[in-house]
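The values are calculated or read from the model by the stated rules, or taken from the named source; none is laboratory data. Everything quoted here is computed from the prediction, not taken from an experiment. Cβ atoms come from the backbone with ideal geometry, glycine included; neighbour counts cover every protein chain shown.
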Amino acid sequence: MTPVWRRELRRISLLLIITFALDYFTGLHGWSVVAVLVCYIGWNMLQLSRLYRWLASGQIDSLPSSYGIWGSVFAETRRLQNRSLKHQQKLQAIINRIQDSTAALQDAVLMVDSHGNLEWWNQAAQRFLGLKSPVDVGQPITNLIRDPSFKAYFDQADYSDPLTMASPVNKHIHLQFNITQFGRRDRLMLVHDVTRLKQLEQMRKDFVANVSHELRTPLTVLAGYIETMDMNSDILPERWQRMLKQMGSQSLRMEAIIKDLLTLSRLETSAKEHPAQVQIQPLLEQIAADARALSQGRGHTITLSTEGPVALLGYTDELRSAFSNLAFNAVKYTPDGGHIELIWREREGRAEFCVKDDGVGIADHHIPRLTERFYRADPSRSKETGGTGLGLAIVKHVLLRHDGELYIESTPGKGSCFCCHFNAQSVITELAS
Ligand code: ADP
């Protein structure tokens, strides 16, 4: 028992003893005890009501004072109150510090509640997104940033990939949005200015496109002369003839690389406009015929099976380039007499084009990197087959432009399967007349 309670009990006991003695000597038959108890209860009720009134008033400064057990209750309450006040001040200081530091950030930070309404943002958000304080507080974020790509991104459940788009207030500023969910579907948005990166990326694309373009003409001239000299090489010594042959094959390789680099540049830079219905049957028949021509004399069995959607929404030349890269790779990397299947089919509402072979296969650790430019699983074999190392990069970019994806499965020594998946929006089941 605490000393406060001991003192209180002693006080009550003394009071009762005095009251009983008074009662005994005055012959009041217990009335004085009743009167003292009523007073005691009344006094306690009064203290309780003072405490309640103080709590209800919310005026933290004017805590009443008392004595006895109530004096201790009031003192204890004041102590707790001071402690919570100190905690509050500490928390407020931390919040102020966090707000000051986020306000000073170069990146924009925005807090959006579970209903998609804007709660708080920093100065950079004002600059990048044109938000106005305080009028925009509580407004739906999709009303303030009206770009359809932002709305689609914000409404989706998965934010694992960032969104890059032009700033709504200045189209020369490119912004990257990252959203993190916390609490009950509240969202924290980080917006980073990627204009410089975009410019560098554009410079890289322009540089590669320009270099490829500039190299094409002189290389065509050189290749032409080499071919002419090769045709009349009988008069030259044998050593020179060998050198000419090598120069001829290397210039053809360089031409192929430049052609593929230009194709990649076009895929990266040209706008996605006016997609057409690409009929699958004739396209794949042509590719199968070209693959057979490439395999000539090597005894491959090349089969084509087509069932499912008749057409895809997209660009014929690009799809031809992607599909033939896969088919020609199968021919290149399958030993003579091997089997190659070109398959077009429907799977769960989407369409897929797969090229299966029983060729050399690819080790697992190469697979994630195959679509990188100039990446080769087996550089010496690639050189033998005359590959540019850009074929699968082209496939990847073509699929990106058709909202498709490339899936690769392979077992070394057993063969590979390259599949292009196209989602339902790109699939056409009946040709428009
Ligand atoms: P390349 O012009 O060298 O063939 P690609 O980009 O088309 O370049 O292919 C990248 C690499 O992927 C190739 O160098 C090869 O190692 C591997 N590869 C592609 N297709 C196949 C296949 N069907 N079988 C085995 N390896 C393949």
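Scanning the range 99-120 for residues that are at pLDDT below 90 and buried (at least 16 other Cβ atoms within 10 Å of the Cβ) returns a single hit, THR102.
Taking THR334 as the residue in question, decide whether it is touching a residue at least 40 places away in the same chain (Cβ under 8 Å) and either more than 9 Å from the ligand (Cβ to nearest atom) or more than 34 Å from the chain's Cα centre (by Cα) (or both).
yes
Looking only at residues that are within 11 Å of the ligand (Cβ to nearest atom), surrounded by 13 or more Cβ atoms within 10 Å (Cβ to Cβ) and basic (Lys, Arg) in the range 379-402, which one is modelled with the highest pLDDT? Only one residue tops the list, namely LYS396. The residues of the range 43-68 that are modelled with pLDDT of 85 or more and within 18 Å of VAL4 (Cα to Cα), listed by number, are TRP43, ASN44, GLN47, LEU48.
Checking SER295, SER321 one by one, the residue that is surrounded by 15 or more Cβ atoms within 10 Å (Cβ to Cβ) and either touching a residue at least 60 places away in the same chain (Cβ under 8 Å) or among the acidic types (Asp, Glu) (or both) is SER321 and no other.
Residues in the range 403-422: is at least one modelled with pLDDT of 95 or more, part of a helix (DSSP H, G or I), within 30 Å of GLU348 (Cβ to Cβ) and within 12 Å of the ligand (Cβ to nearest atom)? No: zero hits. Report yes if some residue within the range 55-67 is more than 30 Å from SER84 (Cβ to Cβ), part of a helix (DSSP H, G or I) and without any contact (Cβ under 8 Å) to a residue 40 or more places away in the chain; otherwise report no. No, because not a single residue in the range 55-67 is more than 30 Å from SER84 (Cβ to Cβ), part of a helix (DSSP H, G or I) and without any contact (Cβ under 8 Å) to a residue 40 or more places away in the chain.
Considering the range 338-366, and only residues there that are within 9 Å of the ligand (Cβ to nearest atom) and either more than 23 Å from GLN286 (Cβ to Cβ) or over 32 Å from the mean Cα position of the chain (by Cα) (or both), the residue that is surrounded by the most Cβ atoms within 10 Å (Cβ to Cβ) turns out to be ASP357.
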